[in-house]
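Any read-out appearing in this document is the output of simple, stated calculations on the displayed coordinates, not a laboratory observation. Just so you know, these numbers come straight off a predicted model, no measurement behind them. Don't worry about glycine lacking a Cβ; one is built from the backbone with ideal geometry, like all the others, and counts go over all protein chains shown.
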Amino acid sequence: MKTASKKAIRRKNPARAARAGNSDPAVDAVFNAYPKPIKAKLLALRRLIFDTATTTMGVGALQETLKWGQPSYLTTETKSGSTIRIDRIKSAADQYAVYFHCQTDLVETFRGLYPELSFGGNRSIVLNAQDELPEPALRHCVALALTYHLNKRKAARAK
């Protein structure tokens, strides 16, 4: 009896493909440097991103790395999505953000779907450390970002 390939197992069970490799010490150092309240919120956001990746079909394993000194999440295995970055907002001690590629229509889409969220131009969702994480809305936004290229490819094939 032949064993299934790792790729086939990942397609059947996306939860197994949540994270590529172990934690990067450089990323850990960035998280450890954040002030406690912001660190807790960013770690919760990090978990939300990985959890969303495991439950979103077609995403595969995420690579966690640093881009511009910010924890960043890439769909290097499947190339299904656009990079997501998270960081505190340096000019506002009690705020942090989820950043998306500014040349996509992602933030414009999020603004239409979730007008109750705060946005930073066409590149971020801005969050306050004293507020609860708006999990359902963020999960949806993260899923849309993690499948951005996949959805564009599907739309192009449908034409």
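For Ala92 and Ala44, calculate 0.36 nm times their separation in residues minus their Cα-Cα distance, and state this gained length in nm to one decimal.
Working: separation 48, 0.36 × 48 = 17.28 nm, distance 1.92 nm.
So the extension gain works out to 15.4 nm.
Within the P(r) computed for the stretch 33-74, what percentage of the Cα pairs occupies the region above 17 Å? Before the final figure, lay out each step's value.
Working: 315 of 861 pairs.
When every Cα pair of the stretch 33-74 is considered, 37 percent fall beyond 17 Å.
Take a quick pass over the chain and tell me how many lysine pairs come in under 21 angstrom between Cα atoms, counting only ones 8 or more apart or on separate chains. The number of close lysine pairs in the chain is 15.
Full extension of the segment from Ser23 to Lys152, taken as 0.36 nm per residue of separation minus the current Cα-Cα distance, would add 43.4 nm. Put a dot 7 Å past the Cα of Glu116, heading toward its Cβ, do the same for Phe31, and the two dots end up 2.8 nm apart.
Distant-in-sequence amide contacts of Ile84, defined by a placed amide H-H separation under 5 Å and a gap of 5 or more residues or a different chain, comprise Tyr73. Residues whose amide H lies under 5 Å from that of Leu62, counting only those 5 or more places away or on a different chain, are Arg19, Ala20; hydrogens are built 1.01 Å from N in the peptide plane.
What does the net charge come to around Ile86 if you take all other residues with beta carbon closer than 10 Å to its beta carbon, with K and R at +1 and D and E at -1?
On the way: positive: Lys41, Arg46, Arg85, Arg88; negative: Asp87.
Neighbourhood net charge equals +3.
Taking label points 7 Å from Cα along the Cα-to-Cβ direction, Asp105 and Asn128 give a separation of 3.2 nm.
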